[in-house]
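Reviewing the structure listed below.
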Amino acid sequence: MGEDTNDDVPTPPPHQHPHRGFLPDHNYVTEADIISTVEFNHTGELLATGDKGGRVVIFQREPEGKTEPFSQGEYNVYSTFQSHEPEFDYLKSLEIEEKINKIRWLPQQNAAHFLLSTNDKTIKLWKVSERDKRPEGYNLKDEEGRIKDISTVTSLQVPVLMPMDLMVEVSPRRVFANAHTYHVNSISVNSDCETYLSADDLRINLWHLGITDRSFNIVDIKPANMEDLTEVITAAEFHPFHCNLFVYSSSKGTLRLCDMREQALCDKHSKLFEEPEDPSARSFFSEIISSVSDVKFSHSGRYLLTRDYLTAKVWDLNMENKPLETYQVHDYLRSKLCSLYENDCIFDKFECAWNGSDSVIMTGAYNNFFRMFDRNTKRDVTLEASRESSKPRAVLKPRRVCAAGSKRRKDDISVDSLDFSKKILHTAWHPAENIIAIAATNNLYIFQDKLNSEMH
């Protein structure tokens, strides 16, 4: 692998504190505190995280400081709520975890914000709204809210709205349940702002946001005999502006683009994106490492970004036979696949993200490293998200991993000393600016491009 460089690639300084203010600052991490999803809203002003304890924490970007005209607003906790609770399926004698698998924001239509959150089985629609006024001066109720004796009411008054401390209210508006036999791995809001899809291992369902008691099955790959099962659905997403198109990825490394105008059940895809396998490179692990863990449409709608175990790939919707670009995320692990298989790390599902202009892609790796690839200059950089290396306002230093047996330079990290328990699975990029959110176990890091902020 070539040397990691950081020219022209966003190398932002850390800009934020760890994930939760209510998390004790200790090395021991409870399972419930591990962040399981990160998502910016459509303006980038809000950032939501979900964790394995079923909680959702929303961060809000503060306005730019008046004393520092060039400083960007920081993200501070805006609201925290319990989205899902652990449940038990009595028919199948199975525990249903409260872990939040995915969060997706709806485009904002009014003063309130709406988001979808899902665990393995149940999707919920939440309304997030602000209240800074309260009604006072009721005729039939006193100030404590108790009903007055009507005989004591001698005059009528018009209730008035009085200012109060800002209160953020989060309320569940819809619960979409009982539609998935298998674990939900994806939700995606359609550009029509009325429907969304949810995908599990074998099926994809289409929902209307206002109807909770039925959904339409649009993809079903379950074979008549489960012994004939050869692949599962790993991720699915709607096109950013064509409401009839969606894509789903599989454990065999393929992508299928479907058009809902063609037929109600989209079992027959419109396009199949698949890279032919190199027979000389085939090994016991080939099928496992080719499984696609994430797929994302570019903002332009022209490209697809996918992540498998070792690589990130950019596909052109007009070219199905091979990816347009392939980026090696951590090729130095190729010699370690046997031990990664034994400790189950080979099944880790890394996500990927586009920047706002689709010119840079980002994805996570081990040892709390994350990678950025500039599509124009073909330069790449490895950065680290950790408390030790991330002091507020400090500039991140590029890191370099030295493959086994190769010559080591100063500050290089040996592949043998990587910590595989520290992994960056979940990342998000601000829709318009060079601000990124990185989930590292129970900590959330927000980094910002220094050059970009100085130009504001």
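The values are calculated or read from the model by the stated rules, or taken from the named source; none is laboratory data. Note that the structure is predicted; figures quoted are calculated from it, not measured. We place every Cβ from the backbone using ideal geometry, glycine too, and count neighbours over all the protein chains shown. With ligands, DNA and RNA removed, areas are computed over all heavy atoms of the protein, side chains included. Shrake-Rupley method; radii C 1.70, N 1.55, O 1.52, S 1.80 Å.
Ignoring lysines fewer than eight residues from Lys410 along the same chain, the ones with Cα atoms less than 16 angstrom from its Cα are Lys397. Charge tally for Leu47 (other residues, Cβ to Cβ under 9 Å; Lys, Arg +1; Asp, Glu -1): -1.
In the context of the full protein assembly, Leu161 retains an accessible surface of approximately 120 Å², using a probe radius of 1.4 Å and ignoring ligands and nucleic acids. Of Arg131, Arg214, the residue with the largest accessible area leads and the full order is Arg214, Arg131 (1.4 Å probe). Couplings 3J(HN,Hα) for region 309-316, derived from phi with the Karplus relation 6.51 cos²θ - 1.76 cosθ + 1.60 (θ = phi - 60°), are 5, 10, 9, 10, 10, 10, 10, 8 Hz, where x marks Gly and Pro. For region 434-447, the Karplus equation 6.51 cos²θ - 1.76 cosθ + 1.60, evaluated at θ = phi - 60°, returns couplings of 7, 10, 10, 10, 10, 9, 10, 6, 9, 10, 10, 10, 10, 10 Hz by residue, with Gly and Pro reported as x. For region 291-298, putting each phi into the Karplus relation 6.51 cos²θ - 1.76 cosθ + 1.60 with θ = phi - 60° gives couplings of 4, 7, 8, 7, 9, 9, 5, 5 Hz, in residue order, rounded to whole numbers and with x for Gly and Pro.
Could you list the GluC sites (Glu not before Pro) in region 132-165 that lie in coil according to DSSP, counting only those with at most 10 other Cβ atoms within 10 Å of their Cβ?
On the way: sites: Glu136, Glu143, Glu144; in loops: Glu143, Glu144.
For GluC sites (Glu not before Pro) across region 132-165 that sit outside H, G, I, E and B with at most 10 neighbouring Cβ atoms in 10 Å, the list reads Glu143, Glu144.
Subtracting the Cα-Cα distance of Arg409 and His42 from their residue separation scaled by 0.36 nm leaves 127.9 nm. Dividing the helix sum by the residues of the chain, where each DSSP H run of 4 or more adds -39500 (n - 2.57), gives a mean residue ellipticity at 222 nm of -1000 deg cm²/dmol.
In straight-distance terms, cross-link reach from Lys349 covers every one of the lysines whose alpha-carbon lies under 16 Å from its own, apart from those fewer than eight places away in the same chain; here that gives Lys52, Lys99, Lys102, Lys252, Lys296, Lys313, Lys422, Lys423. Taking every protein chain into account, the 1.4 Å probe leaves Cys402 with about 10 Å² of accessible area, to the nearest ten.
Among residues other than Glu31 whose Cβ falls under 13 Å from its Cβ, what is the net charge (Lys/Arg +1, Asp/Glu -1)?
Numbers: positive: Lys52, Arg55, Lys99; negative: Asp33, Asp51, Glu97, Glu98.
After counting each charged neighbour, the total is -1.
In loop segments of region 278-350 as defined by DSSP, the chymotrypsin sites (Phe, Trp or Tyr not before Pro) with at most 10 further C-beta atoms inside 10 Å of their C-beta are Phe284. Using 0.36 nm per residue and subtracting the Cα-Cα separation, the extra length available between Asn217 and Thr80 on full extension is 46.0 nm. Shown for region 274-364: the carbon plus sulfur share of the solvent-accessible area, taken with all protein chains present and a 1.4 angstrom probe, equals 49%.
In straight-distance terms, cross-link reach from Lys148 covers every one of the aspartates and glutamates whose alpha-carbon lies under 16 Å from its own, apart from those fewer than eight places away in the same chain; here that gives Glu136.
Within the shell defined by Cβ-Cβ distances under 11 Å, the residues around Asp200 carry a net charge of 0, with Lys and Arg each +1 and Asp and Glu each -1.
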